[in-house]
Amino acid sequence: MSGSPARARVSALLLVAPLFLFLAAFFVWPLVMMITVSVTDGTVRQVMPETASAIGAWDGSGLPPKEVQDALIADLRAPSEQMAFGDAVRRLNSEVSGFRTLLSRTTSAVRDLPPDQTVDLAGIDPRWGEGRYWQALQRAMPNYTDRNLLAAVDLKRDTEGSITADVSANRVIMVRTFTIAALVTALCALIGLPYAMIAAASTGWVRNVLLLAVLLPLWTSLLVRTASWVILLQNEGLINKALIAVGIVDQPLQLIFNRTGVVIAMTHVLLPFMVLPIYSVLLGIPRNLMPAASSLGASRLRAFWHVLLPMALPGVASGSLLVFMVALGYYITPALVGGAEDQMISSVIAFFATGTANWGMAGALGLILLVTTTALYLVYGRLSRSPNMVGA
Amino acid sequence: MKVTSTLLRIGGAGLALGLMVAGGTASARDLTVVSWGGNYQDAQKKIYFEPFSKKIGKPVLDESWDGGIGVIAAKVKAGVPNWDVVQVETEELELGCADGFYEKIDWAALGGKDKFLPAAVSDCGVGAIVWSTMLSYDADRLKTPPTSWADFWDTTKFPGKRGFRRGPKYSLEFALMADGVKPEEVYKVLGTPEGVDRAFKKLDELKPNIVWWEAGAQPLSLLASGEVVMSTAYNGRLAGINKTEGKNFQGVWPGSIYAIDSWVILKDSPNAKEAMNFIAFASEPVNQSKLPDYIAYGLPNKEAAAMVPAALQKNLPTTQANLTGAIALDGAFWVDNVEELTKRFNAWLAK
């Protein structure tokens, strides 16, 4: 191989090219798409071009002038691509419920009439006599919208265009998501650190058993692990039966379908993500440091506090980040072992993404989650001043 | 330089191989049928998928899914879908049909529309089963049987928790019935803002006592473990668990809501012709009539329904006695309102 630096650079670039391609295809592109889809509109404009140009001049009060109504009729008469029309209808119905049936009824009525006949829209469906359907049409025309982003944080624009509160619970659910994730992370750290220390300190089969106990759940399906917790935690489940048999309680404790159940199950499921990073950091700490500390007169506690713990902290930090991030996206576990007040934001995102194909809303919620998480991450980095943080 | 050209060569070969594999699978993919999984799909495998595969002499692939028009939209918009025949719920049928996600059904190949229940006929789909969501309880635990949604709400007469499917669909309908609305007027009332308020107000009463479930198997385990005294549940699952695990779970037919699941063919499916043949095969009376043997769902093909033995008839939603006081799910209502009402429902839950 020749030693020319330019060539070396080219081959180095080629070596990392797959990585960049991978990042671009699986990370950057979906991210850009998610942001784009949450702020773009224009599906309605695309299938109703005449209405789009006519409705812009309307002041939004009462009913729009006849030109707008005629433009809508012309648009509905013109043959349009069915899927594009479907996108437009979904967009409109998501703003005003009932737009779907209104448009399908109007379209078939308009297309059945001879082209030269005048059409009375309110005669086809009285809803055309209401201003709000027209206002929704007008609001749907611009190519960009803040509607989804506002709705993601429980806000909307009223008919005058100013921002007001909307009936939804996304903010509450978002805060709840972060609370549960933080609680689970803290518990994982509390259990995971001693566990990793014992595993790292032990040798031979004991270490193998300890590691296997952490790894085995990772290889089991999430659904199976969650279902097992249902069996353990329910009122007539093993834990309650044991507690009653021992005489600690008379009545079964409510351990499931509430926050307790969610936190227990999620902590168990996510514990490996905490134990493994700490364990690998601990393995890298020279074993003679603790004896060295005691030879200098430190008590065991002091040696732990001033020597071992600071060196193990990067492991705890990366474990915590992993657990926290993974926990944010949970929704199967809360759905199965949680109650109504334990549902997390992913279930809302899933509803919009798969349930109603409202990808704009799903994207907006995802974006809000991403931005909040990034902000928290930066704050965390600033506070911990950990050297392995990006951007801190 | 050598490294560069080797890398390029490897990359090129990899790309070519990738394209070959992708191209190869796209054109030669076998008919793929997608249904709801569980013991329902096991039954379908026995009576539809395997016999049909034998008939055409080619494999039939089957997958399962959990529903959602977003899934269908993503598959169809991707170009050539990797599913051919899918079993969908009422709303997915209506939404997808309006938005052009499905191929049109060739009703002549099925022997004409009048062979089927009117509600099972659509331009884009053929009814596959009729199923009910109903009030259910464990008759071994509950000595006085509840008979209505008013009983479901009555926590003094029947102390204990209640299982409810999380989401506005069914919850609002059942709440209105509990509040005294006649079953046949439920959707008329629900169509007004006051009706929706009334339903949420009624749900308020029961809220502290509700355990919310999401997957169809959950209410059964909730009932079995005594976690709840009553729950909403799917009729097929009830009859199934009574048969397989010797339970004595009972359902209340008056006030139940039945719905039809349909077979659809995804737009631009490369196996559209075979897909249509499959649907015709699965709709033939002699094949379809075997289903209630495995799972207690009603049959949309009238001839098939008539062939079901009387002993099995009593568990089916389509049996005349079970239809008294029951209503059909209003797909059009939910297609219009599901987004707004889910938003409100979530806000109500979080309150």
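Which shape class applies to the stretch A:266-354: rounded if a/c is under 1.5, otherwise prolate when a/b exceeds b/c and oblate if not, where a ≥ b ≥ c are the square roots of the Cα gyration tensor eigenvalues? It comes out prolate by the Cα gyration axes. Sites listed here are trypsin sites (Lys or Arg not before Pro) in the stretch A:283-355 whose DSSP assignment is loop and whose Cβ has at most 14 other Cβ atoms within 10 Å: A:R287. For the segment B:99-108, counting C-beta atoms of other chains within 10 Å of every residue's C-beta and taking the mean gives 2. Look at the stretch A:81-91: the mean tally of other chain Cβ atoms within 10 Å of its residues' Cβ atoms is 4.
In this entry, chain B is assigned a mean projected area of 22.1 nm², taken as a quarter of its C-alpha convex hull surface. Given R₀ = 60 Å, FRET efficiency for B:A306-A:V172 by Cβ-Cβ distance, to 0.05? Plugging the Cβ-Cβ distance into 1/(1 + (r/R0)^6) gives 0.70. Among complete DSSP H helices in chain B, those whose alpha-carbon atoms stretch at least 18 Å along the helix's long axis and whose mean Kyte-Doolittle hydropathy reaches 1.0 are B:2-28.
For the set B:K55/B:K273; B:K188/B:K314; B:K243/B:K290, the pairs lying more than 26 angstrom apart at their alpha carbons are B:K188/B:K314. When the C-alpha to C-alpha distance is required to be over 25 Å, the pairs from B:K169/B:K207; A:K66/A:K156; B:K169/B:K247; A:K241/B:K207 that qualify are A:K66/A:K156; B:K169/B:K247; A:K241/B:K207. Ranked by the mean number of other Cβ atoms within 10 Å per residue, highest first, peptides A:164-173, A:342-351, B:168-177 order as B:168-177, A:342-351, A:164-173. Over the stretch B:136-180, the alpha carbon radius of gyration divided by the compact-protein estimate 2.2 N^0.38 Å works out to 1.18. Legend: Rg and Dmax of the stretch B:96-255, from Cα coordinates, 18.3, 56 Å.
Taking the protein assembly as shown on its own, what percent of its Cα-Cα pair distances exceed 45 Å? That tail contains 34 percent of the Cα-Cα pairs.
Counting Lys and Arg as +1 and Asp and Glu as -1 over every other residue whose Cβ lies under 12 Å from the Cβ of B:C124, the net charge comes to -4.
Here is the P(r) of the stretch A:113-254: all C-alpha pair distances, binned every 5 Å from 0, give 2, 7, 7, 8, 10, 11, 9, 7, 6, 7, 7, 6, 5, 4, 2, 2, 1, 0 in whole percents. Each label point was placed 7 Å from the Cα along the Cα-to-Cβ direction; for A:M83 and B:A74 their separation is 1.6 nm. Taking a virtual spin label 7 Å from the Cα of A:T203 along the C-beta vector, which residues in the stretch A:285-329 bring their backbone nitrogen under 18 Å of it? Answer for this model: A:285-292. Cα gyration tensor of the stretch A:171-384, axes a ≥ b ≥ c as square roots of the eigenvalues: rounded (a/c below 1.5), prolate (a/b > b/c) or oblate? The shape class here is oblate.
Taking square-rooted eigenvalues a ≥ b ≥ c of the alpha carbon gyration tensor, is the stretch A:43-141 rounded, prolate or oblate, where a/c under 1.5 means rounded and, failing that, a/b exceeding b/c means prolate? Because its axes are fairly even, with a/c under 1.5, the stretch A:43-141 counts as rounded. Each Lys or Arg adds one and each Asp or Glu takes one away; over the other residues whose Cβ falls under 13 Å from the Cβ of A:V68, this sums to -4. Mind pulling the angle between the C-alpha long axis of helix A:66-77 and the longest principal axis of chain A? Nearest 10 degrees, somewhere in 0 to 90. Result, in degrees: 70. Measuring between their Cα centroids, the stretch A:225-252 and the stretch B:67-105 lie 44 Å from each other. Add +1 for every Lys or Arg and -1 for every Asp or Glu among the other residues with Cβ under 14 Å from the Cβ of B:G246, and state the total. The answer is -1. Each of A:I163 and A:L218 was given a label point 7 Å from its Cα along the Cα-to-Cβ line. The distance between the two points is 4.3 nm.
Express in whole angstrom the spacing between the alpha-carbon centres of the stretch B:204-253 and the stretch B:149-194. Each part's Cα centre sits 16 Å from the other's.
Among the residues of A:15-27, the average count of other protein chain beta-carbon atoms within 10 Å of the residue beta-carbon is 1. The fraction of Cα-Cα pairs per 10 angstrom bin, counted from 0 for chain A, comes to 4, 16, 20, 19, 16, 12, 8, 4, 1, 0, 0 percent, rounded to whole percents. Spacing of the modelled spin labels on A:L253 and B:K273, each 7 Å from Cα toward Cβ, amounts to 6.6 nm. The listed peptides A:243-256, B:301-314, ordered by packing as a protection proxy, come out as B:301-314, A:243-256 (highest mean of other Cβ atoms within 10 Å first). Ordering of A:203-209, B:117-123, A:101-107 by packing is A:101-107, B:117-123, A:203-209, highest average first (other Cβ atoms within 10 Å, averaged per residue).
Taking a straight line from the alpha carbon of B:K115, these aspartates and glutamates sit under 12 Å away, with near neighbours fewer than eight places off in the same chain left out: B:E284, B:E303. Based on Cα contacts under 8 Å between residues 6+ apart, chain A shows a relative contact order of 18 percent.
Readers should treat all values here as calculations from the given coordinates under stated rules, not as data from a laboratory. The structure presented is a predicted model; accordingly, all values stated were derived computationally and were not measured. Using ideal geometry, Cβ is built from the backbone for each residue, glycine included, and neighbour counts are taken over all protein chains shown.
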